[in-house]
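K.L.:
Structure below; questions to follow.
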Amino acid sequence: MARHGELSSPHPMRQIFTILAAVVAVVLVSTTAIGGFYVWDAARSLDESGVSIGGGDASLPPHIGEIEGGVNMLVVGTDSCEGQDLKLFPRCAHDDGGERNDVTMLVHISDAPRRVTVVSFPRDMIVPIPSCKNPAGGEYSAMSAQMINVSYSYGGLGCSVATVEALTGVDIQFAAAIRWTGVINMSDAIGGVDVCLSGDINDKHTGLNLKAGEQTLVGAQALQFLRIRHGIGDGSDLGRISNQQQFMSSLVRKLQSGEVLSNYPALLNLANTALRQVNEKQLVLSESLTNPQRMVQIAMAVADVPFKDIVFVQYPTVYAPGGGRVLPVSSAADVLFTALSENKPIRVTGAASGGGGVEVVGEAGPDGTPTPTKTPDANAPTPTQTPGGSGAPTQGASDGTVDLPSQITGQSANEKTCTVAQR
């Protein structure tokens, strides 16, 4: 099937980059380049394109300022072949027409003081799926145990939202889904993303061949880097998520750097590229997110968040009997979501990767420039997932910082990590 082929078939992991860069690009142009209203004409098509995820969206005030309160946004990457270039993705010619959410991330922006937490949900995690409306009419029955990545196939974006809400207890106000296409153009528009490799990567599944050390990835290489699984860590999806988190951390630092924010042509090019994904129906937004002014308000809420307060974590899991699938560890997850609901800062105490995909080698400076780091050691032990841990919260500092249980892996944007090549 086209969705899970090798090399010539794209992988939806690249949609992480596309959706985050798309939203950020549009709002950054509006807030930093020309005062807030560039996107009004360019994004007229957004008004009628939104999909319902339940609830409503209050009318917006006639001025632009930070959005009030906290924000919860679900970002999914789906594996649809609809609208894809068969010359680039020939396996799509034999696709069955299904669509799943192989990437599922919850972006939480806290109320004052502003912090950002991005929670990635493993695609093979077994969860209950609630009854969902069928976009074509009628409803799908609730299911007690399914992989989270089938939620989109049953009820579209609204069903994925309902599934994550039921799992986490979080009220999600905004959502977006991105299909294949865009990462090559988006990575070219931003000028590439810097990543670090602890060893040479040679992966026949993606065709990615990279030398150890610092690399700037653009175009097809950026796509392959986000797809890669077998060539890093323990070869699992958990390792792949941490690899994506390294990419996103570097992306955040670059977006906030002078290379992008102070470069009007680069911003304009990035925004136009992002809007093209909407016009080509490769980007789906919830009704609550189709208003450009709302995008600006969300962007203003995160514009000055320090790198140390932008944290990427993986929903805690353990392998199910027989391996392959993973099960949620709700006791550890409850600590995370309680801390977020109480607007407390969090600190990752577990490994940087649940599948040995990355290792921490240093920190990035306040302007995004990496500080001197140790040279990655290709012979160093590979980090592994920690299956234990009490799940009990601990206060890590006088400011109320919550040290997360060791089952929760991840990194902050100020940490410099390197991908661990599979041995």
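K.L.:
How much net charge surrounds GLN422 when only the other residues with a Cβ under 11 Å from the Cβ of GLN422 are counted, with Lys and Arg +1 and Asp and Glu -1?
P.N.:
Working: positive: ARG229, ARG423; negative: ASP200, ASP203, ASP234.
Counting the neighbours of GLN422, the net charge comes to -1.
K.L.:
Amide H of SER52 versus every other amide H placed in the peptide plane: which residues, excluding those fewer than 5 positions away on the same chain, fall under 5 Å?
P.N.:
GLU287
K.L.:
Would you mind calculating the relative contact order of the stretch 97-166 from Cα pairs under 8 angstrom and at least 6 residues apart, reporting the percent as a whole number? Present the calculation step by step, with values, prior to reporting the outcome.
P.N.:
Numbers: 121 pairs, mean separation 22.1, N = 70.
Normalised by residue count, the contact order of the stretch 97-166 is 32 percent.
K.L.:
OK, next. What ³J(HN,Hα) values, in whole Hz, does the Karplus curve 6.51 cos²θ - 1.76 cosθ + 1.60 give for the stretch 202-211 when θ = phi - 60°, with x put for Gly and Pro?
P.N.:
Per-residue couplings from phi come out as 9, 10, 5, 5, 10, x, 8, 10, 10, 8 Hz.
K.L.:
A follow-up question, please. Contour minus end-to-end for VAL318 and ASP200, with contour as 0.36 nm per residue of separation and end-to-end as the Cα-Cα distance?
P.N.:
Values: separation 118, 0.36 × 118 = 42.48 nm, distance 2.91 nm.
Separation in residues times 0.36 nm, less the Cα-Cα distance, equals 39.6 nm.
K.L.:
Compute the length gained on full extension between GLU280 and ALA142: take 0.36 nm times their separation in residues and subtract their Cα-Cα distance, giving the result in nm to one decimal. List each step's numbers first, then the result.
P.N.:
Details: separation 138, 0.36 × 138 = 49.68 nm, distance 3.26 nm.
Gain on stretching GLU280 to ALA142: 46.4 nm.
Computed from the coordinates by the stated procedures, all read-outs in this text should not be read as laboratory data. Please read these numbers as outputs of a predicted model, since none were measured by experiment. Positions of Cβ are backbone-derived with ideal geometry, glycine not excepted, and every protein chain shown enters the neighbour counts.
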